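Everything on this sheet refers to the single structure shown next.
Taken together, the values in this text are just the output of simple stated rules run on the coordinates, not laboratory data. Nothing here was measured: the structure is a model prediction, and the numbers come from that model. Here the Cβ positions follow ideal geometry from the backbone for every residue, glycine too, while neighbour counts run over all protein chains shown.
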Amino acid sequence: MLIHGMGRTPLSMLYLQHRLRKLGHNPHLFGYSPTLESLQTVTDRLLQRIQTQVGSQPYALLGHSLGTVIIRNAYHQLSSHPPAACFFLAPPMVACQAAKFFSKVGLYRLFTGEMGQLLAQDSFVGQLALPPHTKIYVGTGGPRAPWLPFGNELNDGILSVVEASGGHKVVTVPAIHTFIMNSTPVVEDIAQSLDALA
């Protein structure tokens, strides 16, 4: 199940879906709207979708950015049939600098709704569990310069490597936040991991 990030739609995952399908896997897209839905509403829909589409079969969850937060929020309710693996692309593992800054901007608040505000709260992000068997991919293709928000720190343009890793072991790739799902090393590594599970 492929879950897109904030400000994107399932269309952003189409190329990844196509590539995984060509490699013999059966990926499905899951869409949501942070503008119109609460985190709990989206979580409940994801749980229902897994139940109806997956049944008792083994499955994996792949999330990009906010999609990883939705997976982490749902995980404790998947204890009777947990995913065999999770793949997190550019996850906000801590309440990140960008969310804290933009959470005060009216237009951001309007378009990102409750979920955009939650991303800025240390207490919320900090209490989300990391599912076992999770592989984290972090981009390092963001700009670096002393006068930029991240300075010379490795980043993907939205998150620093530190924010996206949260102290966990990660796979770094030369990609930017918005398009990390199209990174060939990411796709190949995910496919190899799925093949090993199979």
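Mind listing the long-range amide H neighbours of THR134? Cut-off is under 5 Å, sequence gap 5 or more, other chains count too, H placed in the peptide plane at 1.01 Å from N.
CYS86
Is the chain rounded, prolate or oblate when judged by the Cα gyration tensor, a ≥ b ≥ c being the square roots of its eigenvalues, rounded requiring a/c under 1.5 and prolate requiring a/b larger than b/c?
Taking the square roots of the gyration eigenvalues as a ≥ b ≥ c, the chain is oblate.
Tell me, what ³J(HN,Hα) does each residue in segment 25-41 have, in order and in whole Hz, if you take phi through Karplus 6.51 cos²θ - 1.76 cosθ + 1.60 with θ = phi - 60° and put x for Gly and Pro?
9, 10, x, 10, 9, 10, x, 7, 10, x, 5, 10, 10, 7, 4, 5, 4
With θ taken as phi - 60° and the coefficients 6.51, -1.76 and 1.60, list the Karplus ³J(HN,Hα) couplings across segment 149-158 in order, rounded to whole Hz; mark glycine and proline as x.
Per-residue couplings from phi come out as x, 8, x, 9, 6, 4, 7, 10, x, 10 Hz.
With n ≥ 4 as the cut-off for DSSP H runs, can you work out [θ] at 222 nm for the chain, using -39500 (n - 2.57) per run divided by the number of residues, rounded to the nearest 500?
-11500 deg cm²/dmol
7 Å from Cα along Cα→Cβ at both LEU47 and ARG8: what's the point-to-point distance in nm?
2.6 nm
Quick check on the exposure proxy: order ILE176, ILE3 from fewest to most C-beta atoms within 10 angstrom.
ILE176, ILE3
Report ³J(HN,Hα) in whole Hz for each residue of segment 182-192, in order, from the Karplus equation J = 6.51 cos²θ - 1.76 cosθ + 1.60 where θ = phi - 60°; Gly and Pro get x.
Ordered by residue, 3J(HN,Hα) equals 9, 5, 4, x, 5, 4, 5, 5, 4, 4, 5 Hz.
Name the long-range amide H neighbours of ILE158: under 5 Å, sequence gap of 5 or more, or other chain; modelled H, no Pro or chain starts.
Long-range HN contacts for ILE158: HIS177.
Would you mind classifying segment 16-80 by shape? Square roots of the alpha carbon gyration tensor eigenvalues, ordered a ≥ b ≥ c; an a/c under 1.5 is rounded, otherwise it is prolate if a/b is larger than b/c and oblate if not.
Note, shape of segment 16-80 comes out oblate.
What size of dipole, in debye to the nearest 20, comes out for the chain about its Cα centre when the only charges are +1 on Lys and Arg C-beta atoms and -1 on Asp and Glu C-beta atoms?
That gives the chain a dipole magnitude of about 200 debye.
If you take every DSSP beta bridge whose two residues both sit in the chain, what share of them, in percent to the nearest 5, is antiparallel?
Taking every DSSP beta bridge with both residues in the chain, the antiparallel ones total about 5 percent.
Which of rounded, prolate or oblate describes segment 9-49 when judged by the alpha-carbon gyration tensor and an a/c cut-off of 1.5?
Note, shape of segment 9-49 comes out oblate.
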